[in-house]
Amino acid sequence: MLVKIISLEGIVYQGEAEAAIVPGKQGQLTILAHHIGLITPLKRGKIRIKEGDDNQRSFKIEQGVLEVGPQGANILMTPSPF
């Protein structure tokens, strides 16, 4: 699935991923390909992107919004200063 992470400065990450693990307001969410459509707020924590072959990236987030649709997942976020 295509995952985009976007901050006020621009695109932070864009690529194909097996999974995106995000800190939802109600708890951690794991988004996989063909996930049902969803829009939800995100809280402070880490976004983890699993790209496959044990390759994983992480991004610190202060807050944000996750939108999942047929094209993949878009994360609009404010980066954490810590």
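Conditions tested, residue by residue: (1) under 12 Å from residue 2 (Cβ atoms); (2) charged (D, E, K, R).
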position	(1), (2)
12	no, no
16	yes, yes
19	no, no
26	no, no
39	no, no
46	no, yes
49	yes, no
54	no, yes
62	no, yes
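With the requirement that a residue be more than 17 Å from residue 17 (Cβ to Cβ) and more than 13 Å from the chain's Cα centre (by Cα), what does the range 50-82 give you?
Once the filter is applied, which keeps residues that are more than 17 Å from residue 17 (Cβ to Cβ) and more than 13 Å from the chain's Cα centre (by Cα), the range 50-82 yields 80, 81, 82.
Determine the pairs where a residue that is over 17 Å from residue 43 (Cα atoms), located within the range 1-26, has a partner that is aromatic (Phe, Trp, Tyr) with Cβ atoms under 8 Å apart, the partner being 6 or more residues away or on another chain.
3/13; 4/13; 12/59; 13/59
I'd like the residue in the range 34-60 that is in contact with a Gly (Cβ under 6 Å, 6 or more places away or on another chain) and surrounded by 13 or more Cβ atoms within 10 Å (Cβ to Cβ) and, out of all such residues, is farthest from residue 11 (Cα to Cα).
Within the range 34-60, the subset in contact with a Gly (Cβ under 6 Å, 6 or more places away or on another chain) is 37, 40, 42.
Remaining after also requiring surrounded by 13 or more Cβ atoms within 10 Å (Cβ to Cβ): 40, 42.
Numbers: 40: 20, 42: 18 Å.
My answer is 40.
Would you list the strands (runs of 3 or more DSSP E) that sit entirely within the chain and hold 1 or more residues that are small (Gly, Ala, Ser)?
Details: elements: 2-7, 10-16, 19-24, 27-32, 38-42, 45-52, 55-69, 72-79.
Those strands (runs of 3 or more DSSP E) span 2-7, 10-16, 19-24, 27-32, 45-52, 55-69, 72-79.
I need the full set of residues from the range 23-82 which are in contact with a Leu (Cβ under 8 Å, 6 or more places away or on another chain) and β-branched (Val, Ile, Thr), in order please.
Of everything in the range 23-82, those that are in contact with a Leu (Cβ under 8 Å, 6 or more places away or on another chain) and β-branched (Val, Ile, Thr) turn out to be 31, 39, 40, 61, 65, 68, 75, 78.
All of the numbers you see were taken from the coordinates with simple rules; none came from a lab. A quick note: this is a predicted structure, and the numbers were derived from the prediction, not measured. Here Cβ is always computed from backbone atoms with ideal geometry, including for glycine, and neighbour counts include all displayed protein chains.
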